[in-house]
Structure formats: structure tokens, C-alpha cells
1. Please list the equivalent ellipsoid semi-axes of the chain, computed as the square roots of five times the alpha-carbon gyration tensor eigenvalues, in descending order and whole angstrom.
2. Quick one: what are the phi-derived ³J(HN,Hα) couplings along region 134-145, Karplus 6.51/-1.76/1.60 with θ = phi - 60°, whole Hz, x for glycine and proline?
3. Can you compute log10 of I(q)/I(0) for region 1-92 with the Debye formula, treating each Cα as one identical point scatterer, at q = 0.10, 0.21, 0.24 Å⁻¹?
4. Out of all DSSP beta bridges in the chain, what portion is antiparallel? Express it as a percent rounded to 5.
5. Accessible area, 1.4 Å probe, largest first: how do Cys22, Cys181 sort?
6. With a Förster radius of 41 Å, plug the Cβ-Cβ distance of Gln47 and Phe166 into 1/(1 + (r/R0)^6) and report the FRET value to the nearest 0.05.
7. Roughly what angle does helix 13-24 make with the longest principal axis of the chain, taking Cα atoms, 0 to 90 degrees, to the nearest 10?
8. Could you pull out every residue, at least 5 positions away or on a different chain, whose amide H is within less than 5 Å of the one on Tyr159? Hs are placed 1.01 Å off N in the peptide plane, and Pro or chain starts have none.
Amino acid sequence: MKKISVVGIDDEAPALAFIAHCCCKIAYVTLEATFQNPMLAIDYLQQNHTDLLILDINMPYLNGIELLQKLNYKPLCIFFTLKTEHAIKAFELDVIQYLVKPVDFETFEKATRKAFEYFKFQEAMAVQENMDFIMVKSNYLMYKVHLNDIRYVEGHGEYIILHTTFKQYILLERMHHFLKCYAYFGFVRIHKSYIVLKAHIQAYNSANVLLKNGQKLPVGRSFKESLKTLRLKL
């Protein structure tokens with residue numbers, strides 16, 4: 001597994017110095033750049049895709065949430081901030097960790113390791129790209145569900161409902177974890193409550209996604225930009 005690339009963005013120089021200091025001590029990360037100005041960071045990130053952002057939220061000109069939403073791709077992100085008030089929004093954006101300053105090295109390292117383990121998982125699962133089914137646990141039983149039968153995934157907090165052609169499966173799992181496990185099959189999040197397969201999308205606009213079976217699902221405001229970047233074969 002190669003090292004993961006990191007970009008740090010924070011309007012406070014001491015915070016960036018802390019990020020740089022920690023990254024130098026972690027063998028599996030490479031700190032590519034740091035920015036105090038989020039506008040300069042946007043320009044850099046649009047041209048240089050990175051694996052992981054370590055990102056402050058409360059910054060002048062452009063806050064961290066706005067910056068993340070403006071990107072034309074979706075890197076993993078650790079929010080590194082003074083306040084807890086944005087934790088719910090971070091959850092909606094599938095941020096992998098929310099660190100509240102001050103942070104010690106051990107806490108910082110655990111957050112970056114979580115990102116590293118995610119990429120290792122993705123690498124390990126890449127060999128299964130030709131599979132046409134997933135295995136899910138529902139009501140204490142394991143089911144083999146073919147991708148062609150899956151219509152969409154609906155989130156309800158601590159559990160999700162897998163809607164298929166023939167039945168519904170209730171899984172004790174959160175949306176972000178399901179997507180982390182199965183994104184390589186082509187699952188994409190279009191709303192805080194909905195995940196669909198790219199292959200099943202017939203058409204979409206800024207408000208809705210139309211599936212090939214005729215079902216229409218809403219597009220969440222936070223997911224409009226990411227939906228535009230998908231390479232869909234419509």
C-alpha cells in the first residue's frame with residue numbers, strides 16, 4: 001500500500017505547524033502542501049487531487065464545509081476545528097473524523113490511520129470488481145443480493161433499507177459505512193437518505209435522479225456537485 005497524500009488547510013499558522021509536525025512522524029502519509037488561505041487551497045486542489053484533507057472549518061473568505069463542497073472530486077476529510085457545532089454537517093458529508101482542538105499526536109495519528117485503513121480496504125477489494133453481487137446481513141441471516149436487483153438504499157439513522165426488485169432487506173448499518181464498503185461497485189450517495197447504483201441511473205437534474213425502473217429519488221443539496229462529476233453511461 002502506497003502512502004496517502006495529505007493537504008492541510010487552516011488559517012492559523014500554529015495549527016498548520018502542528019499538522020506538519022505530526023505528518024512527519026507518521027510513516028504512511030505524505031504531506032503535499034499546507035494553506036492558510038482557503039481560496040489558494042481550492043485552486044491547488046482542483047488541479048492536484050489528494051487522498052486526505054485535514055481541514056479547519058471557521059476560516060475567512062471560505063469556510064471548510066464550503067471548500068469541501070466546491071471540489072470537483074471527493075477526498076477523505078478530517079475536520080480539525082475549535083468548535084463542535086458543525087459535527088452534524090460533518091456526518092452528512094461523510095467526514096471520517098471530527099477533531100476538536102487542541103489535539104495531541106496520538107489522537108491525530110488515530111484519525112489519519114482511519115483514512116489509511118480505508119484506502120487499504122479499497123485496494124484489497126479492488127480485486128472483486130468483477131463480482132455481480134454483495135453479501136448482506138439481515139435478521140441474523142446472510143443474503144446474496146445481485147447488483148441488478150438492487151433499486152436503491154434508504155437510510156434511517158442506525159439502519160438502512162436495501163430496496164430490491166423482490167424484497168426489502170433491513171440492515172443494522174449506517175449509510176456512510178455501507179458506501180465505504182461497496183462504493184467500488186458503483187454505489188453513489190445522492191442524498192443524506194439515499195444511495196443508488198450508477199448503472200441504474202436513467203437521467204438526473206439538480207433536483208432528482210430518475211432510475212431505469214422509473215423510480216424518482218431526490219438529490220440532496222450537498223450532493224449536487226459530486227453528482228455532476230460522475231461518469232454516467234446514460
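The values are calculated or read from the model by the stated rules, or taken from the named source; none is laboratory data. Values in this document were obtained by computation on a predicted structure and should not be read as measured data. Note that we place each Cβ from the backbone using ideal geometry, even for glycine, and neighbour counts take in every protein chain shown. Heads up: the accessible areas ignore ligands, DNA and RNA and are worked out on the full protein's heavy atoms, side chains in. Shrake-Rupley method; radii C 1.70, N 1.55, O 1.52, S 1.80 Å.
1. Working: eigenvalues 219, 77, 53 Å².
With the √(5λ) rule applied to the chain, the semi-axes are 33, 20, 16 Å.
2. Per-residue couplings from phi come out as 10, 10, 10, 9, 9, 6, 6, 10, 8, 10, 8, 10 Hz.
3. -0.23, -1.05, -1.34
4. DSSP beta bridges in the chain are roughly 60 percent antiparallel.
5. Descending order: Cys181, Cys22.
6. For R0 = 41 Å, the calculated efficiency reads 0.35.
7. The helix 13-24 is inclined about 70 degrees to the chain.
8. Counting only residues 5 or more places away or on other chains, the set is Glu173.
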